[in-house]
Amino acid sequence: MPITLRTASTLTQFLIEQRRRFPDARGEFNALILDAAMACKAIAKSVAYGALTDTLGNHEEEEGGSINVQGETQKKLDVLSNDLFIRRSEWGGHLAGMVSEEMEGPYSIPSHLPRGKYLLAFDPLDGSSNIDINVSVGSIFSVLRAPSHVAEGAPLSATDFLQPGTEQVAAGYALYGPSTMLVLSVGTGVHGFTLDPVMGEFMLTHPDLRVPDDTQEFAINASNARFWEAPVKRYVDECLAGKTGPRGKDFNMRWIASMVADAHRILMRGGVFLYPRDTKDPSKPGRLRLLYEANPVGFIIEQAGGRASTGRKPVLRVQPSSLHQRVGLVFGSKNEVERIERYHAEPSKAEAEAPLFAERSLFRC
Ligand code: AFP
C-alpha cells in the first residue's frame, strides 16, 4: 500500500496562530519555544545515531565517570543534551536563566548576551538509563516568567525559579521513540507534533489531545512495593485483584522507566502513573523532580483534562523549596487519580481502629 503523507501545519505556523490572540506579543515566547524545539531536534539526531557515533555509555570525566547533583552517574548523552539545550536557548534574548537536572545551580545568561523575561527549567534526557538499550527516552521543559527585577538585570538566584507549577506559561516534552514527537501546551490544551526527519520540521499531527477520564491500565515500579504507603498498596492490590476484586474489572500494567514515554502512552490512550512518596529513603520524598519533571508533565496532563497529584494535593500547587526538590507523583486519567487521592485522605485501617479515630471513642469508658 503506498504511504500517503498528510499535510499539517508546522510548529512555527501553530505558534504564530496562537500569538494572534495577543496583539501586543513581541514574539519572544514563540522564539523561545522554537529554540527549545531546535534543541530537541538536535538531541533526537544524536539519539538516533546511537552506537554509530561515540555517544552511548557513561560520561567519562578523568576516567572516573561523572556524577550529577542527584548523585546519579551521568551518561554521555545527558551531558551532550544539557549542552544542546543551553547553547540553543541562551543566545536569543528571551531567557533570564535556566535550571536543569544536570546542573547544581541556576545558569545565568552570559553578560555578553541579551537577557529576556522567561526562565527555562528542563530535564535534557529523561529515562537516560534506557539509552544504551535503545528504548525510548525524552526531554522535558517548563517555561516560567522571570521576576521583573531579574528580567531587568538583577543577579539571578535559585529563589527566582521556586514558583508553583500553576505559574507555568508553557510546558512540553520531546519523545525520542520510533518517531520523534514534541508535545506542547501553551495553556490552550495539548498538541502533538511529529518530526518530519527530511524537512526537519515538527508537524502538527495530534491536535487537542485529551486523557480519557477512565482507564484499566496502571504504571508503577512494583519492585518498590515493600516501601509503599498504605493507600498506594491498597490501590495497586485492588487493581491486581481484577474482575473478582472490589474494582470488578481487570487491569493491565506497563512500566517503561522513562517518564516521558509513560506519560505519552497515558496521553494517547489513558492510564495512571504512580511514582509515589515511599519509605525507601526517608531523605527523598519521592523520586521525581518537581521543577523539571513533575510540574511540566502535570501541566500537560491537566491541560489535556487529566489530573496530576502528589497523592495528597494537586502537584501544580506545591510551593517549591529547592531547585532539585523531589516529590511523590501520580498522574493520568482523572477518576483514577481522584480515587488515589481519596485513599490518601481516608484514615488507614490502623488509624481508624485507634481510640482517637474510633467513633464515640472519647466517650468510651
Ligand atoms: P533516569 O533519567 O535516571 O533514567 O530516571 C528516569 C526517571 O526519572 C523517570 O523517567 C522514570 O519514570 C523513573 O526515573 C524510573 O525510575 P526506576 O528506575 O526507579 O523505575
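The values are calculated or read from the model by the stated rules, or taken from the named source; none is laboratory data. Note that the coordinates shown come from a computational prediction; the quantities given were computed from them, not determined experimentally. Cβ: placed from backbone, ideal geometry, glycine included. Neighbour counts: every protein chain shown. Just the protein is used for accessible areas: all its heavy atoms, side chains included, with ligands, DNA and RNA removed. Shrake-Rupley method; radii C 1.70, N 1.55, O 1.52, S 1.80 Å.
Details
- Picking from residues in region 124-157 that are assigned to a helix (DSSP H, G or I) and touching a residue at least 40 places away in the same chain (Cβ under 8 Å), the one that is most open to solvent (accessible area, probe 1.4 Å) is 129.
- Any chance residue 136 is out of contact with any His (no Cβ under 7 Å at 6 or more places or on another chain), within 16 Å of the ligand (Cβ to nearest atom), over 23 Å from residue 320 (Cα atoms) and at pLDDT below 95: no
- Verdict on residue 282 being free of Cβ contacts under 8 Å to residues at least 12 places away in the same chain, more than 17 Å from residue 173 (Cα to Cα), more than 14 Å from the ligand (Cβ to nearest atom) and not aliphatic (A, V, I, L, M): yes
- Number of positions in region 248-270 that are in a loop (DSSP other than H, G, I, E, B) and either within 8 Å of the ligand (Cβ to nearest atom) or touching a residue at least 40 places away in the same chain (Cβ under 8 Å) (or both): 5
- Whichever residue in region 102-123 is among the acidic types (Asp, Glu) and open to solvent by 10 Å² or more (accessible area, probe 1.4 Å) and, among such residues, is nearest to residue 299 (Cα to Cα): 102
- Residue match in region 311-325 (condition: open to solvent by less than 20 Å² (accessible area, probe 1.4 Å) and within 20 Å of residue 223 (Cα to Cα)): yes
Residue-by-condition table, conditions (1) in contact (Cβ under 8 Å) with a residue 60 or more places away in the chain; (2) assigned by TED's automatic domain parsing to the domain that holds residue 303:
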{"site": "191", "(1), (2)": "yes, no"}
{"site": "222", "(1), (2)": "no, yes"}
{"site": "225", "(1), (2)": "no, yes"}
{"site": "231", "(1), (2)": "yes, yes"}
{"site": "237", "(1), (2)": "no, yes"}
{"site": "246", "(1), (2)": "no, yes"}
